[in-house]
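> Provided herewith is a single structure, encoded as structure tokens, for subsequent inquiry.
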Amino acid sequence: MSGLCVLAAGMMTPLGYNAPATLAALRSGISAVRGLPWPDPTGADPLRGARVPLPQWWFGVGMQADMAAAAIGECLAAAECQDPREIPILIGVCAPERAGRPAALDQQLLTQVAARLELPPHPLSRVIAMDQMGCAHGLLAAAELVARPGVQQVVLCGVDSYLEPATLKDFIDRRRLMTADNSNGFFPGEGACAVLLAANAAPGQPHVRVLGSGIAHEPAGIDSTEPFQARGATQACREALRQAGVTMKDVGLRLTDLSGEHYKFKEASIVSSRLEREVRDTPQDLWHPIEYLGDIGAAILPALLAQALHAGLHGYAPPGLTLCHVGSDAGGRAAFVLRYDGPLQEEEL
């Protein structure tokens, strides 16, 4: 994975209509979580979550295409020396078994996004329907694409919404959402996040390089009754560190998809206890932007990559490498070791 770089980002989230606005809000610790226009069935207050302030009040493929096109367009605008028609687009979306999933999402999303961007669909573009793992596999696919002749850059996008009414009902019934009588849950969110990827960056161009990757499966998922030992996440992180030729001591920051549910916090803690074998000179930071964005599902990995790039560019990332890890309800686990390379951007006073 050393032949893959993150060059730019595009975002449409509850915190902002573009990457600079969203990432500045994340850096400032601003939360988009607030009352939604749906009642909390277990209390008198509204259900809480994070919503992109779009003018329409409908859901479906069209709404997700609106968000994805905005994020992808921002990345294509950053590809100044590349014809946008020659850039494949990989889009991660929710898994087919998600309750409330828009009908024909896989078949219509790319076509609708291309129409909004006024570009013909690239023959190598595709949709990957695997929740949080969609963009993880998309990142591996992008590394293979940019190694081909004729493909210089790829856009990887994730788009998702937990605010579909049928989705909300299903997660409430399963006691997965944060409600008045359930503190072991997540705040539902929505959004689209994208990153521009290439095999290498131009000299002096700020970028995040992917040094190692790991993919694994967790046998004791969140709905499982099996003993939970975080085997999948540990294996994925260990493999990513091995490929990068580093240890956990070299990692100064962990970027994660922790959402508020105890399961993922326990998983992150077990991973740390198993892989942290040396005495650290400085503490290791743990960032989880879902705290401010709400859970954005399939869009979380590009959001983490965008945050790694922004933190490196603006000099607020902790010293050392970044370990990024995500997981899906189906048991998929992915980890990536990242390094920021390039100059720091001077802050405006």
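> Subtracting the Cα-Cα distance from 0.36 nm times the residue separation, let me have the gained length for ASN182 to GLN205 in nm, one decimal.
That works out to 3.6 nm of additional length.
> Expressed in nm², what is the orientationally averaged projection area of the convex hull enclosing the Cα positions of region 147-289?
So the mean shadow area of the Cα hull is 12.2 nm².
> Of all GluC sites (Glu not before Pro) in region 3-103, which ones are in loop regions per DSSP and have a Cβ with at most 14 other Cβ atoms within 10 Å?
GLU80, GLU97
> Evaluate the chain: find the radius of gyration of its Cα atoms, find its Kirkwood radius, and give the ratio Rg to Rh.
0.95
> Follow-up question, since we're still on this one. What nm value, rounded to one decimal, do you get for the distance between HIS262 and TRP58 when each label is placed 7 Å out toward the C-beta?
4.2
> In the chain, once you exclude exposed chymotrypsin sites (Phe, Trp or Tyr not before Pro) (DSSP loop, at most 15 other Cβ within 10 angstrom), what's the longest stretch remaining?
59-315
> What list of ³J(HN,Hα) couplings, whole Hz, do you get for region 109-120 from phi and the Karplus terms 6.51, -1.76, 1.60, once you set θ to phi - 60° and write x for glycine and proline?
Along region 109-120, the couplings run 4, 4, 5, 5, 5, 4, 5, 5, 7, 6, 10, x Hz.
> Which ³J(HN,Hα) values in Hz, rounded to whole numbers, follow from the phi angles of region 255-263 under the Karplus curve 6.51 cos²θ - 1.76 cosθ + 1.60, where θ = phi - 60° and Gly and Pro get x?
9, 9, 9, 4, 10, x, 6, 4, 4
> While we're looking at this one, here's another question. Let me know the longest stretch in the chain that avoids all trypsin sites (Lys or Arg not before Pro) found in a DSSP loop with at most 14 other C-beta atoms within 10 Å.
Here the longest run is 1-173.
> Across region 217-230, in residue order, what do the Karplus-derived ³J(HN,Hα) couplings come to in whole Hz, using 6.51 cos²θ - 1.76 cosθ + 1.60 with θ = phi - 60° and x for Gly and Pro?
Taking θ as phi minus 60°, the curve returns 10, 9, x, 10, x, 5, 9, 7, 9, 6, x, 9, 10, 6 Hz for region 217-230.
> So which aspartates and glutamates can LYS249 reach, going by Cα to Cα under 13 Å and dropping same-chain residues fewer than 8 places off?
Within the straight-line cut-off, LYS249 pairs with GLU276, GLU278, ASP281, ASP285.
> What residues qualify as long-range amide H neighbours of TYR17, i.e. H under 5 Å apart, gap of 5 or more or another chain, H built at 1.01 Å from N?
The list, which skips near neighbours in sequence, is empty: none.
> For SER269, project a label point 7 Å along Cα to C-beta. Then give me every residue of region 211-236 with its amide nitrogen under 14 Å of that point.
Under 14 Å, as judged by backbone N against the label point of SER269, lie 228-230 of region 211-236.
> In terms of modelled amide H atoms, which long-range or inter-chain residues lie less than 5 Å from the amide H of LEU36?
LEU47, ARG48, GLY49
Laboratory data are not the source of any read-out in this text; all were calculated from the coordinates shown. Quick caveat: nothing in here was measured; it's all calculated off a predicted structure. Because the Cβ atoms are built from the backbone with ideal geometry, glycine has one as well, and the counts that use them run over all protein chains shown.
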